[in-house]
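One structure is given here, and the rest of the page talks about it.
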Amino acid sequence: MKTATADFNNIVERVYDLPLEYKEELKNLLEHNISDVRRQEIADNYKTAQKEQKTGKLKFSSSVSELKKML
């Protein structure tokens, strides 16, 4: 059974062997995918914050010492 590292290394080696046009297309696909994933993370965090605010779990402060205590 292959490890994830071996699989990753195999993928990288195969990508290096691709023609430049395919590499550029792969780069664009990955950039868009990463942007989509980040947007979803932001949306999920926003929804979580909304729920926490409604239940009173979300707290705000402009005091640095108070913010440090919240961590």
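Return one number: the angle in degrees, 0 to 90 and rounded to the nearest 10, between the long axis of the Cα atoms of helix 20-55 and the longest principal axis of the Cα atoms of the chain.
Tilt of helix 20-55: around 20 degrees.
From the P(r) of the chain, can you give the percent of Cα pairs sitting at distances over 14 Å?
Percentage above 14 Å: 77.
Using 0.36 nm times the number of residues separating Lys69 and Ala6, minus their current alpha carbon distance, what extension gain do you get? Write down the numbers at each step before the final one.
Details: separation 63, 0.36 × 63 = 22.68 nm, distance 4.31 nm.
Between Lys69 and Ala6, full extension yields 18.4 nm more.
Give me the angle, in degrees from 0 to 90, between the Cα long axis of helix 4-16 and the longest principal axis of the Cα atoms of the chain, rounded to the nearest 10.
Its long axis makes an angle of about 60 degrees.
Could you work out [θ]222 nm for the chain from helices alone, using -39500 (n - 2.57) per DSSP H run of at least four and dividing by all its residues? Round to the nearest 500 deg cm²/dmol. Before the final figure, lay out each step's value.
Working: 3 runs with 56 residues, N = 71.
Rounded to the nearest 500, the figure is -27000 deg cm²/dmol.
Throughout, read-outs are computed from the coordinates displayed, never taken from laboratory work. What you see is a predicted model, and the numbers here were worked out from it, not measured in a lab.
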